[in-house]
Amino acid sequence: MIKLQNLSLPLDYGEAELRKKAAAALKLSPAALGEVRLLRRSVDARKKNDVHFVCTLGVTVEDEEALIRRRHDPNIMRFSPRPYVFPTVRRTSPLPPVVVGMGPAGLFAALFLARNGVPCIILDRGRDVDKRTGDVEHFWQTGQLSPASNVQFGEGGAGTFSDGKLNTNTHDFRIGAVLKEFVRHGAPEDILWQQKPHVGTDLLRDVVKSIRRELLSLGCEVRFESQLTELKTAGGQLTGVTVTAGTRSYQMDCDTLILAPGHSARDTFRMLLNSGVPMEAKSFAIGCRIEHDQALISQSQYGPAWEKLPPADYKLSCHLPTGRSAFTFCVCPGGQVVAAASGYGQVVTNGMSHRARDGQNINGGFLVGVTPADFGSGVLDGVAFQESWERQAWDIGTGYAPSLFGPSDTLFRAPAQSAADFLSGRASTAMGRISPSYRPGVTPADLNECLPKYVSATLRAALPLFDRQLHGFADGGAVLTGIETRSSSPVRILRDESGQSALRGLFPCGEGAGYAGGITSAAVDGIRAAEAVAAAVG
């Protein structure tokens, strides 16, 4: 097969025009082409009066080598897809591996092991995705939270209530295998060729259920509402685990544990530290969600062609003279800002979109990186830093101490501020023309009171700089909703080249363990963990 790059096509192109364009680039007739496969498609909107698609194709023709030599074009090259092959399983232990966490890392680790003859026992503290969805919706409507079944915990992991974005900055050869698995389990096929693929939270829930059904068919055991609460060790080797399910605790013999806890498993981090598992504090980011009118952003990105294209997103960053950097993260076109707390007394935001991305607003994380130099180098100092600012956001948004729990329309309200007020340094008393999408609701406030001063100062300086990159970003009616603290894990669970902790038999992986940054990279790291378990003799 030949890879044909940088083909420009109009926004309304059809299959015949695609084939004709490919043939012209190869100086052949369309009839001379065999298979024509779309490998990648992106939007080129640098010239607003000439917005078009840029495509990469896979094409089969006769005597491909001769054609490549004859054309001598850097955009025409040989293309040999590298199929993913799982390594030979050397594991001999009679005990099934235990997988903790049913986010993408845990699901893909269990799936690839089970497919290769090593079924697992899979634990998740939360509930199955259908019950979890009901719990989350109840929380958003009433402010009544289930600490074990929420946006952070349960089948599918935190990514289940997100935009379902599958793009990643990594270039691991396993990415293709991950995307194909998503399609195999019900995701749209366009994720295989879109430059910025996304599934949408509504479809992602069905994908997760389909993966679970395959795991069960392969002999895996899935235990919901079952939390890892203790490790048993002897001589530096894992020998067992304690699991708490409701009011009951039990022990299991275990010599292999794939730990994919998610970035919000703070109690698990504390348990690991107390067990002597080597960990370290790591950098993450803190800030807020910024919300704009979707039509405004699409027009700014695409110009007059905006209505012919899906809702636009953005990716912005800047480095300031202070040494601080600001950036946008996890942008959700046509989406909503969601309450993402996992405990009372904390306010946490995130973003979510459905497949159609057809909501009125677009939102994105508007964040500033922080390091152990900001919050301390103790293993859990980053966790304490997150918790302190989440409590501050609770106090401002909810208005009373978390000891006064009960049915109330003020529970988990988030502090919010218009961009105009934020730039002017005054507290908001009302929202403008952009209606905040966050539920249970927002409290007009001053975000300076629930963010470190250097973070709010960096965001204030970044707003006009981002407006130069994307006109309208600093629009005074935009809404900033606080706070976002969980862009990534504040800890890293250390592992060596074998994929194991110094506690042998413990294989930490995924975003919560500090080795990934999104759905796809977490799934890739789960596959790596499965490979490491398969390669470990014993």
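The values are calculated or read from the model by the stated rules, or taken from the named source; none is laboratory data. All figures in this text were calculated on a predicted structure; none of them were measured in a lab. Backbone-built Cβ (ideal geometry, glycine too); neighbour counts: all protein chains shown. Keep in mind that these areas ignore ligands, DNA and RNA; they rest on the heavy atoms of the full protein, side chains included. Shrake-Rupley method; radii C 1.70, N 1.55, O 1.52, S 1.80 Å.
Only one of these is free of Cβ contacts under 8 Å to residues at least 24 places away in the same chain and more than 22 Å from residue 260 (Cα to Cα): 44, 50. Name it.
Values: 44 fails: free of Cβ contacts under 8 Å to residues at least 24 places away in the same chain.
Going through 44, 50 in turn, the sole match is 50.
Only one of 382, 432, 399 is in contact with a strand residue (DSSP E or B) (Cβ under 6 Å, 6 or more places away or on another chain) and modelled with pLDDT under 95. Can you tell me which?
Working: 382 fails: modelled with pLDDT under 95; 399 fails: in contact with a strand residue (DSSP E or B) (Cβ under 6 Å, 6 or more places away or on another chain).
From the options 382, 432, 399, the qualifying one is 432.
Go through region 190-209 and report how many residues are in contact with a Leu (Cβ under 8 Å, 6 or more places away or on another chain), part of a helix (DSSP H, G or I) and open to solvent by 50 Å² or more (accessible area, probe 1.4 Å). Talk me through it step by step, then tell me what you get.
Here is the first cut: in region 190-209, the residues in contact with a Leu (Cβ under 8 Å, 6 or more places away or on another chain) are 191-193, 197-199, 208.
Still in the running and part of a helix (DSSP H, G or I): 191-192, 208.
Applying the additional criterion that residues be open to solvent by 50 Å² or more (accessible area, probe 1.4 Å) yields 192.
Qualifying residue count for the region: 1.
Can you give me the number of residues within region 224-254 that are modelled with pLDDT of 95 or more, surrounded by fewer than 20 Cβ atoms within 10 Å (Cβ to Cβ) and assigned to a loop (DSSP other than H, G, I, E, B)? Before the answer, list the steps.
Restricting attention to region 224-254, the residues satisfying the condition of being modelled with pLDDT of 95 or more are 224-245, 248-254.
This time we only want the ones that are surrounded by fewer than 20 Cβ atoms within 10 Å (Cβ to Cβ), so: 225, 229-230, 232-237, 239-240, 242, 244-245, 248-253.
So of that shortlist, the ones also assigned to a loop (DSSP other than H, G, I, E, B) come out as 225, 235-236.
Residues in region 224-254 being modelled with pLDDT of 95 or more, surrounded by fewer than 20 Cβ atoms within 10 Å (Cβ to Cβ) and assigned to a loop (DSSP other than H, G, I, E, B): 3 in total.
Any residue at all in region 141-160 that's farther than 21 Å from residue 518 by Cα, in a helix (DSSP H, G or I) and over 14 Å from the mean Cα position of the chain (by Cα)?
yes
Pairs only if they're at least six apart or on different chains, beta carbon under 8 angstrom, first in region 182-209 and over 18 Å from residue 160 (Cβ atoms) and modelled with pLDDT of 95 or more, second open to solvent by less than 10 Å² (accessible area, probe 1.4 Å) and of a type outside the set (S, T, N, Q); list them, first residue then second.
If the second residue must be open to solvent by less than 10 Å² (accessible area, probe 1.4 Å) and of a type outside the set (S, T, N, Q), the pairs left are 190/197.
Against the definition (of a type in the set (Lys, Arg), without any contact (Cβ under 8 Å) to a residue 60 or more places away in the chain and open to solvent by 40 Å² or more (accessible area, probe 1.4 Å)), how does residue 212 come out, yes or no?
Details: of a type in the set (Lys, Arg): yes; without any contact (Cβ under 8 Å) to a residue 60 or more places away in the chain: no; open to solvent by 40 Å² or more (accessible area, probe 1.4 Å): yes.
The answer is no for residue 212.
Tell me whether region 265-275 contains one or more residues that are of a type outside the set (D, E, K, R), part of a loop (DSSP other than H, G, I, E, B) and buried (at least 23 other Cβ atoms within 10 Å of the Cβ). Walk me through it before giving the result.
Residues of region 265-275 that are of a type outside the set (D, E, K, R), as a first pass: 265, 268-269, 271-275.
Going one step further and asking which of them are part of a loop (DSSP other than H, G, I, E, B), we end up with 265, 275.
Adding the requirement that they be buried (at least 23 other Cβ atoms within 10 Å of the Cβ) leaves 265.
Within region 265-275, one or more residues are of a type outside the set (D, E, K, R), part of a loop (DSSP other than H, G, I, E, B) and buried (at least 23 other Cβ atoms within 10 Å of the Cβ).
Does region 482-494 contain any residue that is outside any loop (DSSP other than H, G, I, E, B), closer than 27 Å to residue 372 by Cβ and charged (D, E, K, R)?
Scanning region 482-494 turns up at least one residue that is outside any loop (DSSP other than H, G, I, E, B), closer than 27 Å to residue 372 by Cβ and charged (D, E, K, R).
In region 116-136, how many are buried (at least 19 other Cβ atoms within 10 Å of the Cβ) and free of Cβ contacts under 8 Å to residues at least 40 places away in the same chain?
3
Of all the residues that make up region 30-82, how many are crowded, with 16+ Cβ neighbours inside 10 Å and part of a loop (DSSP other than H, G, I, E, B)?
Within region 30-82, residues that are crowded, with 16+ Cβ neighbours inside 10 Å and part of a loop (DSSP other than H, G, I, E, B) number 5.
For residue 423, work out the one condition from (1) closer than 25 Å to residue 319 by Cα; (2) part of a helix (DSSP H, G or I); (3) open to solvent by less than 60 Å² (accessible area, probe 1.4 Å); (4) of a type in the set (A, V, I, L, M, F, W, C) it doesn't fulfil.
Residue 423 satisfies every listed condition except (3).
Given the conditions (1) under 26 Å from residue 451 (Cβ atoms); (2) touching a Phe, Trp or Tyr at 6+ places or on another chain (Cβ under 9 Å); (3) open to solvent by 50 Å² or more (accessible area, probe 1.4 Å); (4) in contact (Cβ under 8 Å) with a residue 40 or more places away in the chain, report the number of the one that residue 296 does not fulfil.
Unmet for residue 296, out of (1) under 26 Å from residue 451 (Cβ atoms); (2) touching a Phe, Trp or Tyr at 6+ places or on another chain (Cβ under 9 Å); (3) open to solvent by 50 Å² or more (accessible area, probe 1.4 Å); (4) in contact (Cβ under 8 Å) with a residue 40 or more places away in the chain: (2).
Go through the residues of region 175-186 one by one and say whether even a single one is closer than 19 Å to residue 511 by Cα and not in a helix (DSSP H, G or I).
no
Could you tell me whether residue 470 is at pLDDT 95 or above, open to solvent by less than 50 Å² (accessible area, probe 1.4 Å) and closer than 16 Å to residue 397 by Cβ? Steps first, please.
Values: at pLDDT 95 or above: yes; open to solvent by less than 50 Å² (accessible area, probe 1.4 Å): yes; closer than 16 Å to residue 397 by Cβ: no.
Judged against the criteria, residue 470 is not a match.
Of the numbered conditions (1) out of contact with any His (no Cβ under 9 Å at 6 or more places or on another chain); (2) closer than 23 Å to residue 193 by Cα; (3) surrounded by 15 or more Cβ atoms within 10 Å (Cβ to Cβ), residue 102 satisfies every one except a single condition; which is it?
Evaluating residue 102 over (1) out of contact with any His (no Cβ under 9 Å at 6 or more places or on another chain); (2) closer than 23 Å to residue 193 by Cα; (3) surrounded by 15 or more Cβ atoms within 10 Å (Cβ to Cβ) leaves (2) as the failure.
Sort out which residues of region 525-538 are of a type in the set (Val, Ile, Thr) and either without any contact (Cβ under 8 Å) to a residue 12 or more places away in the chain or open to solvent by 30 Å² or more (accessible area, probe 1.4 Å) (or both), and write them in order of number. Step through it out loud before you land on a result.
Filtering region 525-538 for residues of a type in the set (Val, Ile, Thr) gives 527, 533, 537.
Residue satisfying the conditions is 537 alone.
When only residues in region 308-345 that are among the aromatic types (Phe, Trp, Tyr), out of contact with any Cys (no Cβ under 9 Å at 6 or more places or on another chain) and within 30 Å of residue 266 (Cα to Cα) count, which is surrounded by the most Cβ atoms within 10 Å (Cβ to Cβ)? Walk me through it before giving the result.
Looking only at region 308-345, we keep the residues that are among the aromatic types (Phe, Trp, Tyr), and these are 314, 327, 329, 344.
Among the residues that remain, those that are also out of contact with any Cys (no Cβ under 9 Å at 6 or more places or on another chain) are: 314, 329, 344.
Then keep just the ones that are within 30 Å of residue 266 (Cα to Cα); that gives 329, 344.
Values: 329: 20, 344: 16.
It comes out as 329.
When you go through (1) within 21 Å of residue 466 (Cα to Cα); (2) in contact with a His (Cβ under 9 Å, 6 or more places away or on another chain); (3) open to solvent by 10 Å² or more (accessible area, probe 1.4 Å); (4) of a type outside the set (Phe, Trp, Tyr) one by one for residue 305, which number turns out not to apply?
Going through (1) within 21 Å of residue 466 (Cα to Cα); (2) in contact with a His (Cβ under 9 Å, 6 or more places away or on another chain); (3) open to solvent by 10 Å² or more (accessible area, probe 1.4 Å); (4) of a type outside the set (Phe, Trp, Tyr) one by one, residue 305 breaks only (1).
Take region 434-462 and flag every residue that is under 15 Å from residue 347 (Cα atoms), over 24 Å from the mean Cα position of the chain (by Cα) and open to solvent by 30 Å² or more (accessible area, probe 1.4 Å).
Across region 434-462, the qualifying residues are 443, 444, 449.
If you take the residues of region 499-524 that are in contact with a Lys or Arg (Cβ under 9 Å, 6 or more places away or on another chain) and in a helix (DSSP H, G or I), which of them is most open to solvent (accessible area, probe 1.4 Å)? Lay out the reasoning, then the answer.
Residues of region 499-524 that are in contact with a Lys or Arg (Cβ under 9 Å, 6 or more places away or on another chain), as a first pass: 499, 501-502, 506-509, 513-515, 518-520, 523-524.
Still in the list and also in a helix (DSSP H, G or I): 519-520, 523-524.
Numbers: 519: 21, 520: 2, 523: 0, 524: 4 Å².
Of everything passing the filter in region 499-524, 519 is most open to solvent (accessible area, probe 1.4 Å).
Among the numbered conditions (1) without any contact (Cβ under 8 Å) to a residue 24 or more places away in the chain; (2) of a type outside the set (Phe, Trp, Tyr); (3) more than 27 Å from residue 514 (Cβ to Cβ), tell me where residue 274 comes up short.
It is condition (3) that residue 274 fails.
Matching residues to (1) open to solvent by 20 Å² or more (accessible area, probe 1.4 Å); (2) among the hydroxyl-bearing types (Ser, Thr, Tyr); (3) touching a residue at least 60 places away in the same chain (Cβ under 8 Å):
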residue: 138; (1), (2), (3): yes, no, no
residue: 141; (1), (2), (3): yes, no, yes
residue: 160; (1), (2), (3): no, yes, no
residue: 163; (1), (2), (3): no, no, yes
